[in-house]
1. Out of all the residues in the range 90-103, which are surrounded by 12 or more Cβ atoms within 10 Å (Cβ to Cβ) and within 17 Å of residue 34 (Cβ to Cβ)?
2. Report yes if some residue within the range 189-198 is farther than 30 Å from residue 150 by Cβ and part of a helix (DSSP H, G or I); otherwise report no.
3. Do we have any residue at all in the range 274-284 that's at pLDDT 80 or above, surrounded by 17 or more Cβ atoms within 10 Å (Cβ to Cβ) and closer than 30 Å to residue 222 by Cα?
4. Please verify whether the range 360-371 includes one or more residues that are assigned to a helix (DSSP H, G or I) and either surrounded by fewer than 12 Cβ atoms within 10 Å (Cβ to Cβ) or at pLDDT 85 or above (or both).
């Protein structure tokens, strides 16, 4: 009886062991189909220890290979190497056609690759638009499109150099236009030339350069001294001819030579004298203003305190304010004197009215010099 019980117990344990081993095998297959290769490998290893069946080593090796390929594929995908990642996921599907993660990742790779292709087309559009705007001299729109191109392709086709060139052209055009509006045509020409060196197709810069050149040519021609016509010796015939045609000829108008500029005054440079006077007057005003401010602050503070130390400090403040005022007064007087002298010299030479404009400054009659 005991022997029968032992046999029955052994048979039950064997049956349980076989059943448990079969569960491990089934669980391993399920994990493998789901792409959970660590779980599959662990279950296959347990089954192998319980039941030395041929084929388990092959299953375990296939799990190891899948784990290796999956790790490489996921790394390539994270680095945005979508084409290479897709190849690895396809290798994984060759080992496990049911792997759902590999299928999803392949779909994502396809989408990313299509997006990159569309992005490359957009990049070329931005670059082409930027180049077109640059040739037309529309540097603001050129810079906008160059920056859009750079955001999609930071290393593409010397984009930083293109952006710098467009920025330099834009700055030079702005400076040139400012100089042109202020009639400084020679300096404006220099800036327009800078633009044309960088962009020979800029039609606006060409037109502005021609206008500047025309203005400078006019100024040069006007500055040339006028030569008196050579007089021929008068003969009897010429005198008779002049007498007979005197009533029919229009009266000759005398042309005056340009007056010298105010900087060429024989005794003093009025412009420098006036400007120096303005600086001295302003410096004197500053000194006197500081002095009066110190005195006012001390007076206000002294009216509300009886502390001897504070009163002593306020007296020092008043003394300092008086000193500032005394320093500023002669400086102001000197500047005022120079301004009056410049005004007097100017009024003595009314011919230079084209070089100066009379106006009113904050402290009285002043001169606004235009150079």
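The values are calculated or read from the model by the stated rules, or taken from the named source; none is laboratory data. From a predicted model like this one, the values you see are computed outputs, not experimental measurements. Glycine also receives a Cβ, built like all others from the backbone with ideal geometry; neighbour counts cover every protein chain displayed.
1. 92, 93, 95, 96, 99, 101, 102, 103
2. yes
3. yes
4. No - not one qualifying residue is present in the range 360-371.
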